[in-house]
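What follows is a single structure, written as structure tokens, with notes after it.
What follows is calculated from the coordinates using simple rules that are stated; it is not laboratory data. A quick note: this is a predicted structure, and the numbers were derived from the prediction, not measured. Counting neighbours? That spans all protein chains shown, and the Cβs are built from the backbone with ideal geometry, glycine included.
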Amino acid sequence: MDNYTLVLGSTLALSFFYIIIAKICNRGNKKFPPGPSPWPIIGNFHLLGTKPHRSLVNLAQIYGPIMSLKIGQKTLVVISSSTMAKQVLQKQDLPFSTRFITNALQAHNHCKFSVACLPVCPQWRTLRKILNTNIFSSNRLDVNEHLRSQKVKELIAYCARCSQQGKALDICQVVFKTNFNLMCNTLFSKDLADPFSDSKVELKDMIWGIMEEAGKINLADYFPILEKFDLQKIRYRTNIHFGKLFKLLGDLINERLEEKQSSHGAKNDVLEVLLNLSAENPKEIDHNHIKSLLLDLFSGGTDSPTTTLEWAMAEILRQPEIMKKVQVELAEVVGKGKPVEESNIPKLPYLQFIVKETLRLHPPTPFLIPRKVEQDVELCNYIISKGSLVLVNVWAIGRDPTFWKDPLVFKPERFQSLEVDMRGQDFELIPFGAGRRICPGLPLALRLVPIMLGSLLNSFNWKLEANIEPKDLDMEETFSFISSKAHPLRVIPSPL
């Protein structure tokens, strides 16, 4: 019996030993993406700098279009080419579809209800279907066209008053207020503030606060041991913003429910649609889902179009010949001095080229929201290990010299002979992402930005404040969740 026990024990020990050796050997055979050697504890954090989208381009020139960095305790795989992006976002979409939820977005459990944060699951599919069918479908956008037209006319009227006074205006501010009030009307059928006053707008401030905190590099995201300490107070501030925001949205929901009980006429807005769906299927969408959806819509529908329009105006002002060319097209198709209607957009190719070129050179978000792989994935003969974060550098792809000629030059004419679409099929230009997690608001953005930009250019001539020469305009960008101009674009309108 003792010999049997000894033999059995020896056999088990040897088997265990061989298993360990096999695992080590297998791991040694795996080919991981190349990258710089990490420092102890911090990894490659020191290589990111203040503008990671630029730093990672420089590193990609050394290590290639797929590279691996160690950021604290996290492995970060960076994709910097359209070919690799197509693999991640289309051909192998599902294993890369789960988004990395930062510590900030876990405040008030927002990540458990937000369509932007949820993993691909039945709940996420239900919410995406609601967005695609009831908010961003062609029919629904057509119904709300009068709202966009009205808000653009209000924007033009405000610019006209500034023109009469010879007053400079901050393009980012006035366009943001227009988009903000457009979203208020689309969601709630009312303005929540005077769009062009300097009065404090609580909802706007809370959304800006959340976007600002979410865009910061939070050490707690890369060193999980620091989560409980919240050294940068990002989670603390985000908690406050989310608490105030969800209370305000809850009040708006309760106000609407009281109106519905009072037998007032039903309103044709997003809140009405969401509440009706919730009443029919409370298990599929409840009030928590509605509040998080409204936040997603506000954050996506205000900052990105605003940033795109500011960059477009800045690039056009730097090249007066572009402004003249687009104004000629607008005068011929729309009529000089008239606001652009959505039906005009297909007849304005050069205006569309300008929007495309702006989104190529200045994508609102330099990175797509990072993905987190839930298991080892093979990607182009490399192994992406479980738990790794995958980051697609859209900013780098839009400036890739292997595809774009003169990539750093703003040249709308390039699209006359280059058919590249922005709807997620051509991976050289993916400002809205691609695949199943493509931005659901893309159809709205492709309507809204051209009519606002076209209307501003068709109603006024523009010059820089303080007689700044076009060539001297500062084009430095900030790095955050939304990449905007570091120095606001201040311009003076004058009648055409």
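See the values below:
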{"item": "Subset of Lys216/Lys247; Lys112/Lys244; Lys151/Lys463 violating a 20 Å alpha-carbon distance limit", "result": "Lys216/Lys247; Lys151/Lys463"}
{"item": "Kirkwood estimate for the chain, i.e. one over the average of 1/r between Cα atoms, Å", "result": "24.7 Å"}
{"item": "Two-site label geometry, Ile468 and Asp191: point separation in nm, points 7 Å out along Cα→Cβ", "result": "2.9 nm"}
{"item": "Sorted by Cβ density within 10 Å, fewest first, the residues Thr126, Thr302, Thr133", "result": "Thr133, Thr126, Thr302"}
{"item": "Listed residue pairs exceeding 22 Å between alpha carbons, taken from Lys325/Lys347; Lys347/Lys485; Lys31/Lys70; Lys51/Lys177", "result": "Lys347/Lys485; Lys51/Lys177"}
{"item": "Alpha carbon centroid spacing (whole Å) that separates region 38-102 from region 312-379", "result": "27 Å"}
{"item": "Average Cα contact separation per residue, region 364-426, under 8 Å, 6 or more apart, as relative contact order %", "result": "26 percent"}
{"item": "Distance (nanometres) between label positions extended 7 Å along Cα→Cβ at Ala160 and Asn461", "result": "1.9 nm"}
{"item": "Neighbourhood charge, 10 Å Cβ-Cβ cut-off, centred on Ile397 and excluding it, Lys, Arg +1 and Asp, Glu -1", "result": "0"}
{"item": "Cβ-based charge dipole, the chain, positive-most Cα from Thr83, Pro339, Ile451", "result": "Thr83"}
{"item": "Residue (of Phe242, Pro282, Ile225) at the positive-pole extreme of region 201-337, dipole from beta-carbon charges", "result": "Ile225"}
